[in-house]
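What follows is a set of notes on a single structure, which appears directly below.
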Amino acid sequence: MARSFTASDAGCYVDGNRGIYATEAIVAFANDHGATIRHDVDCCTPGIGDLAGCDWIVDYEDKADDYMNDNYPVGDHYWGRANHSSDWGLWQLDNDDN
C-alpha cells in the first residue's frame, strides 16, 4: 500500500545544504514513492554524482515535483522548494504562491 501524506507531514525532506547533490536526493525520494525518473548518463560529469553536472538537472527536479504533487497531493500544500529557501519538501501554500 502506498503511503499517503497529510498536512501534518509538511516540512523539509531534502536539506538544501546538499548543494548540487540535493536534486539526486529529491529524485531518489520521488522514485522511492513510485516515480520512474531516469536520466541520460551522457548528460553528467563523470565522478561527481549521478545527476550532479547534468545540463538539464532542473528538469529532473521538476519531474519529481510534478510526480509528488500529482500522486501525493495534500490540500493547500505543494511538493517542491520552499519559498525563500533551498530546502525541498511538502510546504503549505502562502498567499504569495500561485
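Just a few scattered comments:
- Cβ crowding within 10 Å averaged over residues, with 76-88, 19-31 ranked highest first: 19-31, 76-88
- Each label was represented as a point 7 Å from its Cα along the Cα-to-Cβ direction; for N69 and C12 these points are 2.2 nm apart.
Quick note: the coordinates plus some simple rules give every number you see, no bench work behind them. Model, not experiment: these values are computed from the prediction. In this analysis, Cβ positions are derived from the backbone assuming ideal geometry, glycine residues included, and neighbour counts consider all displayed protein chains.
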